[in-house]
Each structure stands twice: as structure tokens, then as C-alpha cells.
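Have a look at the structure below, then the notes.
The values are calculated or read from the model by the stated rules, or taken from the named source; none is laboratory data. Since we're looking at a predicted model, the values are computed, not measured. Cβ placement follows ideal geometry from the backbone for every residue including glycine, while neighbour counts extend to all protein chains displayed. Remember, those area values only see protein heavy atoms, side chains included, never the ligands or the DNA or RNA. Shrake-Rupley method; radii C 1.70, N 1.55, O 1.52, S 1.80 Å.
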Amino acid sequence: MSQWPRCPTLYEINTWVWLGELRERFGDSTHLGCVPEAEWDSLARFGFDAVWLMGVWERSPAGIAIANGNPGLLRDFRRALPDFRPRDNVGSPYCVRRYVVDRQLGGPEGLAVARAELAKRGMRLILDFVPNHVAPDHPWVLEHPDYFIHGDVEDIARDPASFVEAEGCVFARGRDPNFPAWQDVLQLNAFQPGLREEARKTLSGIAAQCDGVRCDMAMLLMNAVFERTWGNRAGPPPATEYWTDAISSIRGTHPDFLFVAEAYWDLEWALQQQGFDFCYDKRLYDRLRREDAGSVRLHLQAPVSYQEKLVRFIENHDESRAAAAFSPERERAAAVIIATLPGARLFHDGQTEGRKIRLPVFLGRRPAEAADQALEKFYETLLKAIDNSPLRDGQWSLYEFASQPDPGDVLGWTWKHGERQCLVLVNFGGHPAQPCIEAPWSEYSEWHDLFSGESYRRSGTRTGNAPFRVELEPWSYRIFEFS
């Protein structure tokens with residue numbers, strides 16, 4: 001396959017749930033190795049560059065038992081699935097027992113077939129890597145207890161939610177320093193040399209099976225963050241960064257392998273410097289969901305070299321469903337924004353159908369929800385529009401409304417790819433707008449809207465440099481290509 005496009009479109013699938021629904025249609029023996037070709041064709045028609053099969057690694061029986069005894073998780077399970085049964089908890093995909101494809105999903109052989117089917121249709125495969133923690137029944141607990149952060153009996157007495165005894169040792173539970181510890185995982189020591197070497201071997205094994213990884217909570221492994229979180233328990237910080245070493249090691253044998261960071265706390269730029277191709281743009285998500293056009297415009301004034309290495313989204317498995325978090329009009333405008341900015345564009349299974357119930361990642365099935373056919377048509381049109389060379393491989397720049405120092409709710413940017421040029425306009429507000437378009441864009445006599453399919457021809461035999469105004473209804477958008 002050719003190199004990754006500069007602005008790839010990614011699609012996240014909850015693998016366990018997806019295969020469960022396919023089994024209901026095609027039989028209990030359906031797994032990754034025998035997905036009907038029509039299902040792969042259905043994904044390919046949207047023009048996705050890669051499919052992220054979330055949660056293929058072996059689940060942890062110990063983690064399942066812990067989760068089924070957690071009152072808070074059980075409440076969340078019943079929120080999403082009112083008829084929840086204990087067997088619906090198939091285990092968290094981020095409580096990894098082994099980096100081997102779960103047999104219930106088809107095992108390594110099934111994954112190899114799925115990857116080949118995606119490649120036949122011009123799509124790559126992305127999988128997960130969870131570097132911060134592992135399941136309590138992971139083989140390393142017995143074989144390499146030195147890979148973990150440890151405590152003592154006093155820690156258990158003082159903070160039993162954060163420490164646990166297992167196999168004669170006291171282990172710290174995995175954690176994000178801003179939240180209580182995760183009860184179903186044990187904390188790895190990112191400063192331990194043996195663990196770092198083993199992590200590189202694990203990544204090498206993953207890289208042999210796919211084309212890229214989404215690295216869970218990547219910023220937790222940065223030296224400064226890890227030292228603040230664990231202090232003396234971790235030992236002295238290494239001279240090099242975890243990700244710099246890991247990524248450079250994999251790139252030596254897999255030069256086109258893609259690294260995507262789940263990243264927060266404004267550490268995206270630092271992770272880019274450590275080798276990540278793309279980092280989550282959670283800040284933009286928050287602005288699109290809760291703030292106004294001015295806030296979004298400010299965000300987009302960052303250097304292009306930084307922006308083109310961000311993952312834009314309005315939904316993933318950690319966030320609320322877009323159809324529940326946004327009004328219908330705001331969701332569509334926000335989707336056009338994230339789909340036409342530089343960087344990777346991430347879409348989530350169920351987003352195009354308008355699903356509203358966020359499913360905990362532990363669950364192996366989801367509730368039935370009626371599809372929003374109008375929204376499905378919107379996303380089908382949008383994905384077709386952005387499957388277009390200027391919006392995938394072109395040069396992006398924020399549009400300056402020269403005669404309007406304050407363009408209000410209107411956002412605009414341009415794409416140029418050879419002779420092809422595009423102008424994107426979005427009214428990210430609840431009032432009509434008439435942005436003024438000036439030279440050189442005003443010189444074009446024909447404007448083709450890639451979203452609506454309509455063409456517009458300016459009247460007169462010569463347009464010259466005269467500016468003109470575009471009518472934009474509240475929360476509306478235009479994706480113009482010029483000739």
C-alpha cells in the first residue's frame with residue numbers, strides 16, 4: 001500500500017460488540033477471520049483510510065470478576081444496558097491479560113484475515129497498546145514482579161483502594177494521578193529498564209500484525225509526568241524518554257508504522273516531539289461542545305505543523321455520544337469542522353447512525369437504538385466530500401476575512417493541492433451570517449459545493465476583484481471547490 005495520507009480518516013469499531021451483532025445475523029461461529037465480504041465492503045464505501053479494531057487483545061478473567069463486584073461500574077452497566085447480565089461484562093479491553101488476539105474474536109489467524117480484507121479495500125489496521133498497566137493475572141505478575149510499582153502492608157492499610165497484595169507482593173493499582181486508582185489493573189514502572197525493553201518487544205509483536213497503534217493514556221509514560229505521579233517508588237528517571245526509545249525502535253523495522261497518542265493536559269506538542277504521528281485534540285472537542293466560534297478560531301491559530309499532527313473528533317469510546325452531547329445542528333457543523341481540518345479525522349462506530357447511549361468498554365453488547373436516517377445521509381455525504389485530494393493531501397491555511405476583523409460566528413479555511421483549491425465556511429452559531437469573500441477567491445466565476453453537489457456561477461462576464469457575500473443560515477456550512 002502507498003504511504004499514509006497526510007490527513008487520514010480513521011474509524012473506530014468496538015470489535016467485541018461488532019462481532020456479537022454479526023453473529024446474530026450470520027451465526028455463532030462468526031469471528032474476524034470469516035466476516036462476510038459485504039461487511040468489509042460496507043466500511044470501504046465511506047473512504048476510510050484505516051479501521052481501529054478496538055479491544056482485540058485477550059481479556060482478563062480476574063478483571064471481569066473485579067468489575068462485576070464494583071457497585072459504581074455496575075450502575076454504569078445498567079445505565080447503558082437496563083437488562084444487564086453478569087455475562088455481558090466481557091472485561092475491559094484496557095485490562096490486558098496478554099497481547100494475543102482473544103480466541104473468542106478469532107485469534108491471531110482471524111486478525112490476519114481481517115487485515116488482509118481491509119488491505120484489499122485500501123484500508124489499514126490500527127490496534128491498541130496499553131503501556132501504563134496490565135491485568136492482575138498478566139504473566140508478568142509472576143514472572144517479572146520487578147516490572148511493577150510496589151508498596152507495602154502499610155500502604156494497603158492506609159489506602160486499600162490504591163494498593164493490593166498478590167503473589168506475596170504489594171502492587172500499586174494503575175492510575176491517572178487526577179483520579180482514583182483503577183481497581184482492575186496493576187501499575188507498571190515506566191522507569192524500569194527491563195520493563196522498557198519488554199514493552200519494545202511487545203510493540204514489535206503488535207507491529208507485525210497491524211499498521212499502527214493507538215497508545216492508551218500516552219502522557220502518563222512521560223518522564224516528568226511519571227515522576228510526579230509515583231515519586232521515589234519509581235526510582236530515578238532514565239536519561240531518555242519512554243516514547244522516544246519505543247517509537248524509534250519500531251520505526252527501525254516498520255518505517256511506516258503509525259503511532260497515535262491518547263493525550264491530554266496540553267502535552268500534545270511534547271508527545272509529537274517524542275515521535276507520535278498524531279495526538280488526540282481533546283481541547284478542540286471541548287471547545288466545539290461547550291464554547292463558541294471565537295474559541296474555536298483561537299484554537300486554529302496554532303502553527304500548522306502542530307495542527308496537522310492532531311486527531312480531530314467529536315466522539316470516541318471515552319466521550320459521550322455526539323448525538324447526545326450536541327444539538328443536531330451543532331453536531332453537523334462540528335462534524336464538518338473536524339472533517340475538514342488538518343490532521344487525522346476520527347469517527348466512531350454508531351456515530352453516523354446517531355446512537356445516543358455511551359457504552360462502557362466492558363460490555364460485549366449494546367442496546368438497540370433506531371438509526372437516524374437523516375444523520376446517516378449527512379455523514380455519508382460528508383465522508384464522500386472529504387475523500388478528495390485537496391482536503392486530504394493539500395496545504396491548509398486559516399482564512400482571513402480581511403474586511404471583517406471580527407467575522408462573528410463564521411469560521412473559514414482554505415486547502416490548495418496543485419491547481420485544485422477549496423474554501424470551507426462554517427457558521428458555528430445560531431444566527432444567519434453573510435461573510436464577505438475577497439480576492440483571490442472572489443475572482444472565480446464557478447463555485448462547486450462538494451457537500452451539496454450544487455454548482456454556482458457568478459453573474460457577469462468578468463468578476464474582477466469585487467468582493468461578494470455568501471449567505472449562511474445558522475449552523476450551516478459550505479465546502480467550495482473552484483474553477
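Please determine, by comparing only the residues of the stretch 44-66 that are among the hydrophobic types (A, V, I, L, M, F, W, C) and open to solvent by 20 Å² or more (accessible area, probe 1.4 Å), which one is nearest to GLN3 (Cα to Cα). Don't jump to the end; show me each part of the working.
The initial filter retains those residues of the stretch 44-66 that are among the hydrophobic types (A, V, I, L, M, F, W, C), namely 44, 46, 48, 50-54, 56-57, 62, 64-66.
Adding the requirement that they be open to solvent by 20 Å² or more (accessible area, probe 1.4 Å) leaves 44, 46, 62, 64-66.
Numbers: ALA44: 18, PHE46: 19, ALA62: 41, ILE64: 39, ALA65: 43, ILE66: 43 Å.
In this case the residue turns out to be ALA44.
Among the residues of the stretch 91-103, which ones are touching a strand residue (DSSP E or B) at 6+ places or on another chain (Cβ under 6 Å) and surrounded by fewer than 20 Cβ atoms within 10 Å (Cβ to Cβ)?
Hits for the stretch 91-103 are ARG98, VAL100.
Select from the stretch 8-33 the residues that are without any contact (Cβ under 8 Å) to a residue 40 or more places away in the chain and crowded, with 22+ Cβ neighbours inside 10 Å and list them in ascending order.
Correct list: empty.
Under 8 Å between Cβ atoms, at least 6 apart or on separate chains: pull out the pairs that start in the stretch 302-327 with a residue that is open to solvent by 40 Å² or more (accessible area, probe 1.4 Å) and end on any residue that is β-branched (Val, Ile, Thr).
Here the result reads ALA324/ILE357, each pair linking the stretch 302-327 to a residue that is β-branched (Val, Ile, Thr).
Could you please let me know if ASN14 is under 25 Å from the mean Cα position of the chain (by Cα) and polar (S, T, N, Q)? It would help to see each step written out before you state the result.
Working: under 25 Å from the mean Cα position of the chain (by Cα): yes; polar (S, T, N, Q): yes.
The answer is yes for ASN14.
Scan ARG330, ARG289 and give me the residue that is buried (at least 18 other Cβ atoms within 10 Å of the Cβ) and part of a helix (DSSP H, G or I). Walk me through how you get there before you give the answer.
Values: ARG289 fails: buried (at least 18 other Cβ atoms within 10 Å of the Cβ).
The conditions single out ARG330.
With the checklist (1) among the hydroxyl-bearing types (Ser, Thr, Tyr); (2) free of Cβ contacts under 8 Å to residues at least 12 places away in the same chain; (3) buried (at least 23 other Cβ atoms within 10 Å of the Cβ) in hand, flag the one item THR340 doesn't pass.
Only one criterion in (1) among the hydroxyl-bearing types (Ser, Thr, Tyr); (2) free of Cβ contacts under 8 Å to residues at least 12 places away in the same chain; (3) buried (at least 23 other Cβ atoms within 10 Å of the Cβ) is unmet by THR340, namely (2).
Quick check on PHE179: is it open to solvent by less than 50 Å² (accessible area, probe 1.4 Å) and either in contact with a helix residue (DSSP H, G or I) (Cβ under 8 Å, 6 or more places away or on another chain) or not charged (D, E, K, R) (or both)?
Working: open to solvent by less than 50 Å² (accessible area, probe 1.4 Å): no; either in contact with a helix residue (DSSP H, G or I) (Cβ under 8 Å, 6 or more places away or on another chain) or not charged (D, E, K, R) (or both): yes.
Answer is no for this residue.
Between a first residue in the stretch 226-247 that is closer than 16 Å to PHE259 by Cβ and a second residue that is assigned to a helix (DSSP H, G or I), which pairs have beta carbons less than 6 Å apart while being 6 or more apart in sequence or on different chains?
Every condition considered, the pairs that remain are GLU241/ASN223; TYR242/LEU221; ALA246/ARG200; ALA246/LEU203.
For the stretch 344-365, what are the residues that are out of contact with any Asp or Glu (no Cβ under 8 Å at 6 or more places or on another chain) and open to solvent by 20 Å² or more (accessible area, probe 1.4 Å)?
LEU359, VAL361, PHE362
Looking at (1) surrounded by 18 or more Cβ atoms within 10 Å (Cβ to Cβ); (2) part of a helix (DSSP H, G or I), can you tell me which one GLN187 breaks?
In the conditions (1) surrounded by 18 or more Cβ atoms within 10 Å (Cβ to Cβ); (2) part of a helix (DSSP H, G or I), GLN187 misses (2) alone.
Go through (1) surrounded by fewer than 21 Cβ atoms within 10 Å (Cβ to Cβ); (2) within 16 Å of GLN272 (Cβ to Cβ); (3) modelled with pLDDT of 95 or more one by one and return the number of the condition ALA218 breaks.
ALA218 satisfies all of (1) surrounded by fewer than 21 Cβ atoms within 10 Å (Cβ to Cβ); (2) within 16 Å of GLN272 (Cβ to Cβ); (3) modelled with pLDDT of 95 or more except (1).
Working only within the stretch 214-271, note down all residues that are assigned to a loop (DSSP other than H, G, I, E, B) and of a type in the set (Ser, Thr, Tyr). It would help to see each step written out before you state the result.
Pass one, the stretch 214-271, residues assigned to a loop (DSSP other than H, G, I, E, B): 216-217, 222, 235-241, 254-257, 262-267.
Of everything in the stretch 214-271, those that are assigned to a loop (DSSP other than H, G, I, E, B) and of a type in the set (Ser, Thr, Tyr) turn out to be THR240, TYR264.
Among (1) in contact with a helix residue (DSSP H, G or I) (Cβ under 7 Å, 6 or more places away or on another chain); (2) in a strand (DSSP E or B), there is one condition GLU353 misses while meeting the rest; what is its number?
Exception for GLU353: condition (2).
Among the residues of the stretch 75-83, is any surrounded by fewer than 16 Cβ atoms within 10 Å (Cβ to Cβ) and touching a Phe, Trp or Tyr at 6+ places or on another chain (Cβ under 9 Å)? Steps first, please.
At the first step, the residues of the stretch 75-83 found to be surrounded by fewer than 16 Cβ atoms within 10 Å (Cβ to Cβ) are 75, 78-79, 82-83.
From the residues that got through so far, the ones that are touching a Phe, Trp or Tyr at 6+ places or on another chain (Cβ under 9 Å) too are 78.
Yes, the stretch 75-83 contains at least one residue that is surrounded by fewer than 16 Cβ atoms within 10 Å (Cβ to Cβ) and touching a Phe, Trp or Tyr at 6+ places or on another chain (Cβ under 9 Å).
Cβ-Cβ under 7 Å, sequence separation 6+ or interchain: first residue in the stretch 126-144 and within 20 Å of ILE250 (Cα to Cα), partner of a type in the set (Ser, Thr, Tyr) and assigned to a loop (DSSP other than H, G, I, E, B). Which pairs?
VAL130/TYR94
Would you check if ARG6 is among the basic types (Lys, Arg) and assigned to a helix (DSSP H, G or I)? Spell out the reasoning first.
Working: among the basic types (Lys, Arg): yes; assigned to a helix (DSSP H, G or I): no.
No; evaluated as a whole, the condition is false for this residue.
Among the residues of the stretch 441-476, count how many are modelled with pLDDT under 70, among the aliphatic types (A, V, I, L, M) and either in a strand (DSSP E or B) or within 19 Å of VAL410 (Cα to Cα) (or both).
Result for the stretch 441-476: 0.
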